[in-house]
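J.: If you scroll down you'll find the structure; I have some questions about it.
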Amino acid sequence: MSIVGKNISYEINGAKILEDIDFKLNQNEIVSIIGPNGAGKSTLLGLLAGDILPTSGKVFYQGRELESISIQDRAFLRSVMSQSQQIIFDYSVKEIIEMGWIERGIAKYSGNFSEAVTNIADECDLKKLLHRKFNVLSGGEQRRVHYARTILQLWRHSNSNDERFMFLDEPTANLDLYYELKLMNSIKEKAKEGYGIGLIVHDLNLASIFSDKVLLLKNGECISYGEPSEVLTAKKLTEVYGIPMKVNDRTKRITYY
Amino acid sequence: MFELISKFNKLKFINNLQLLIILILVVVLFISLYLGISLGSFQISFFDYLFGNDSKLQQRVFEEIRLPRVFLAGIVGASLALSGASLQGLFRNPLADPGLIGVSAGAALGATLVIVLGSSWVPSYIFGPFILPLSAIAGAAFVIYLLYLFTKGFGYSGITYMLLVGIAVNALASVGIGILTFISTDSELRGLTFWTMGSFGAANWLLVLPAYIFIIPAFIWLLNSARKLDLLQLGEPEAIRLGVDVRSLKFKVIITSAIVVGISVSLSGMIGFVGLVVPHLVRLIGGVNHNYLIPASIIFGSSIMIIADLLSRVLIQPAELPVGLLTSAIGAPFFLWLILRVKKT
């Protein structure tokens, strides 16, 4: 099963932000959305996650129109990590992570709440930070806390095979190299567990190594969509980014300086 | 004690320390209730009353003056604190307060309208004593709706912006009250000064009981939104992604605030700063999550108001300070301190 965007376009006051995009995200799959600033990447993510409605075209979750799914039900199907707003009050890190816990109304889940939070904090290396105030953390640490929250939102019993999708808008922004790699590996792990993951990323090498498919956007149009080796070619990238790009034939490493 | 609490604390979003604080606040509330009932220019022993050892006069003072007054102070304090806590959460703004953003002024304007014009427009037998509270609620709701329009659906437009809107709304309401004062008769004027300074002197059971009947369900209604207010702190889009119906949450917080502040102002006049100060004190003691903040603010606001009323009665005996003057005298410096603190971060 999958999330599908069919011919989606989005306009603001007559200005085209996205035009006629087709998108498909399957389970066990990582799809990276790449492109220069203002290409419409975050808008596309917002449309797929259901934050905004497309001007034309439709988004389907498991064959159902997204519009017909209540916002409560959507919260169980997909989680979103975006560029977050400032948080005014002094919540602790633990409280911020726990905000990802959506009430399931079923007693069998509630018993696992603290276990789930502890496991995820462990998984994201946040155990030492749990009782710190969120607002005093560095930008990178805050991103990691939000990532943990995004995972907790989709937490299920290990024997559950519910379908789940994650949308991540530049999850590696502000992270140091260690945590960048750790987070990308965690995403890969989630995809293996059955998640479908839509990702906006600026680092083309990360996109090339970790994704199953890549969508290249420019000025709201899809330039190319497919396997990393088909999309991330020197010719296409040079054309889209406006700087000379080289792709190493053997290692597939992309260089631009 | 602490272990006992952690054993029984099956609640997910409130920690053991917070539960302990709430229990202590309940004890403090009972102490203030006891003090509020016993002390005053007329000493009454609660235990004498309980065992029937008091005079007829003492009994009447106790049942018809002291008790309704203390209960009114309690529910008004709770209402203002709850409204402050939930509005601060909704606006994601630590400076929100029913007084500062003009909600209390709107309620007072509604009440003033009825005092001065009401008698000639609405025959008193239609709503009887309830026309005043109803009109105050309408005034409060109207101001909150204005704020909603000006802040584009409570989108985060910065602390200064909302306070400026509040100042403008307050000014407009004062103009309205000013005009009404100008055209009022002498007896109406006495009623009007009561609104602007705040007092629990007019408490009687006929008005206090209905206040409890409306306000307590509003409390309960809002309490189950506490967690949604937490999620809202992540920003509106995030809250929606986590399954929160943000529109209905806004509606709920606004309507509850209008009801509880409208009723409170209609019964006791404008009492400033309680809604601002109490939630901040509660946050300083135990944390910011709304599952703790809202019940703790209700309980603490109630005790603080009972004590403030007690002080207003005993400080310059046998005369009485308007309680609104007292709370503003303490609250305004606190507000200044808060602005300095917010500016730093």
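The values are calculated or read from the model by the stated rules, or taken from the named source; none is laboratory data. This structure is a prediction, so every number in the text was calculated from the model and none was measured. Every residue, glycine as well, gets a Cβ built from its backbone with ideal geometry; the counts of neighbours run over all protein chains shown. Surface accessibility is based on the protein's heavy atoms, side chains included, excluding ligands, DNA and RNA. Shrake-Rupley method; radii C 1.70, N 1.55, O 1.52, S 1.80 Å.
J.: Enumerate the calculated ³J(HN,Hα) couplings along the range B:250-259 in order (Karplus 6.51 cos²θ - 1.76 cosθ + 1.60, θ = phi - 60°), each rounded to whole Hz, writing x wherever the residue is Gly or Pro.
T.: Rounded to whole hertz, the list is 4, 4, 4, 5, 5, 5, 4, 4, 4, 5.
J.: When the dipole is taken about the Cα centre of the range A:2-255, and only Lys, Arg (+1) and Asp, Glu (-1) are charged at their Cβ, what size is it in debye, to the nearest 20?
T.: Values: 32 positive and 33 negative charges, 77 e Å.
Result for the range A:2-255 is approximately 380 debye, rounded to the nearest 20.
J.: Something else: Let me confirm one metric for peptide B:228-236, namely the mean number of other chain beta-carbon atoms within 10 Å of its residues' beta-carbons.
T.: Rounded to a whole number, the mean comes out at 4.
J.: For q values of 0.08, 0.09, 0.13 Å⁻¹, compute log₁₀ I(q)/I(0) with the Debye formula on a Cα-only model of chain B, without solvent.
T.: One equal scatterer on each Cα of chain B leads to -0.38, -0.49, -1.00.
J.: Quick one: accessible area per residue over the protein assembly as shown, 1.4 Å probe, rounded to a whole number of Å²? Don't skip to the answer; put the middle values down first.
T.: On the way: 27250 Å² over 602 residues.
Value for the protein assembly as shown: 45 Å² per residue.
J.: How large a share of the accessible area of the range B:263-345, in percent, is made up of carbon and sulfur atoms when the probe is 1.4 Å and the other protein chains stay in place?
T.: Solvent-exposed carbon and sulfur of the range B:263-345 make up 74 percent of the total.
J.: Per residue of A:86-95, how many C-beta atoms from partner chains lie within 10 Å of its own C-beta, taken as a mean? Please report the intermediate quantities before stating the final value.
T.: Values: counts 4, 6, 12, 13, 5, 6, 4, 0, 1, 7.
Mean partner shielding for this stretch: 6.
J.: Can you order the peptides A:27-36, A:220-229 by their average number of other Cβ atoms within 10 Å per residue, highest first?
T.: Working: A:27-36: 21.4, A:220-229: 16.4.
Put in order of decreasing packing, that is A:27-36, A:220-229.
J.: Of B:SER32, B:ILE183, B:TYR212, which is farthest on the positive side of the dipole of the protein assembly as shown, counting Cα position, with +1 on Lys and Arg Cβ, -1 on Asp and Glu Cβ, and the Cα centre as origin?
T.: B:SER32
J.: Quick one: which bits of the range A:38-56 get at least 20 Å² less accessible when the partner protein chains are in, versus the chain alone, with a 1.4 Å probe?
T.: A:ASP51
J.: Right, something else. With a 1.4 Å probe, what is the total accessible area buried between chains B and A, in Å² rounded to the nearest 100? If you can, show how the numbers build up before the last one.
T.: On the way: alone 16570 and 13030 Å², together 27250 Å².
Heavy-atom accessible area buried at this interface is about 2400 Å².
J.: Let me know the volume per residue of the alpha-carbon convex hull for the protein assembly as shown, in Å³.
T.: Numbers: hull volume 112.2 nm³, N = 602.
Roughly 186 Å³ of hull volume per residue.
J.: Apply the Karplus curve 6.51 cos²θ - 1.76 cosθ + 1.60, θ = phi - 60°, to the phi angles in the range B:285-292 and return the couplings in whole Hz, x for Gly and Pro.
T.: 6, x, x, 10, 5, 6, 5, 8
J.: Further question on the same structure: At what distance in angstrom do the alpha carbon centres of the range A:20-58 and the range A:186-212 lie from each other?
T.: Comparing the Cα centres of the range A:20-58 and the range A:186-212, I get a distance of 15 Å.
J.: Let me ask something else. Could you work out the relative contact order of the range A:145-257, using alpha carbon pairs under 8 angstrom and six or more residues apart, expressed as a whole percent?
T.: RCO, the range A:145-257: 17 percent.
J.: For Cα pairs less than 8 Å apart in space and 6+ apart in sequence, what is the mean separation divided by the residue count of chain B, i.e. the relative contact order in percent? Provide the component values of the computation, followed by the final result.
T.: Working: 497 pairs, mean separation 110.4, N = 345.
The normalised contact order for chain B reaches 32 percent.
J.: OK, next. Please give the average number of partner chain Cβ atoms lying within 10 Å of the Cβ of each residue in A:66-72, rounded to a whole number. Please list the in-between numbers first.
T.: Details: counts 0, 0, 0, 0, 2, 8, 4.
That average works out to 2.
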